[in-house]
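Asks: For reference, the structure I am asking about is given below.
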Amino acid sequence: MRALFLVIDLALEIYIWILIAAAVFSWLIAFNVVNVRNSIVGAIGDFLYRITEPALRPIRNFMPNLGGIDISPVILILIIIFIDRK
């Protein structure tokens, strides 16, 4: 049973890092640092979007519009940390 909890803990930690990578990647796209027309960059962006969007969408629907600021990854990371703490 302990091994199962360790695997779940590891999966949550990896997902937090994926959320951070998706947020940084979105900033790089917004500031035109990376070219999304590049096939590798596009594939990475598509992967990050498909992995993070199902968890972020309900938070974004619940939150009011804050202009151009998206704090849904921060809220999701805090929720994951709260769940992870025993």
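Asks: Compute the long axis of helix 72-84 from its Cα atoms, compare it with the longest principal axis of the Cα atoms of the chain, and write down the angle in degrees, 0 to 90, nearest 10.
Replies: It works out to around 10 degrees.
Asks: Okay, next question. Expressed in nm to one decimal, what extension gain is obtained for the pair MET63 and LEU10 from 0.36 nm per residue of sequence separation less their Cα-Cα distance?
Replies: 16.3 nm
Asks: What is the helix-to-structure angle for 2-30, meaning the angle in degrees between its Cα long axis and the longest Cα principal axis of the chain, kept from 0 to 90 and rounded to the nearest 10?
Replies: Once rounded, the angle reads 20 degrees.
Asks: Continuing with this model, one more query. Please give the helix 39-62 orientation as an angle from the longest Cα principal axis of the chain, in degrees from 0 to 90, rounded to the nearest 10.
Replies: 60 degrees
Asks: Okay, moving on. Is the C-alpha gyration tensor of the chain telling us rounded, prolate or oblate? Criteria: a/c under 1.5 is rounded; beyond that, a/b larger than b/c is prolate, otherwise oblate.
Replies: Oblate is the answer for the chain, as a/c is 1.5 or above yet b/c matches or exceeds a/b.
Asks: While we're looking at this one, here's another question. Quick one: accessible area per residue over the chain, 1.4 Å probe, rounded to a whole number of Å²?
Replies: Accessible area per residue, the chain: 79 Å².
Asks: Here's another thing I want to ask about it. Assign unit charges at the C-beta atoms only (+1 for Lys and Arg, -1 for Asp and Glu), then state the dipole size of the chain relative to its Cα centre in Debye, rounded to the nearest 20.
Replies: Using Cβ point charges on Lys, Arg, Asp and Glu, the chain gives about 100 debye.
The values are calculated or read from the model by the stated rules, or taken from the named source; none is laboratory data. Because the structure is predicted, anything quoted here is derived from the model rather than measured. Every residue, glycine as well, gets a Cβ built from its backbone with ideal geometry; the counts of neighbours run over all protein chains shown. Note: areas computed on protein heavy atoms with side chains; ligands, DNA, RNA excluded. Shrake-Rupley method; radii C 1.70, N 1.55, O 1.52, S 1.80 Å.
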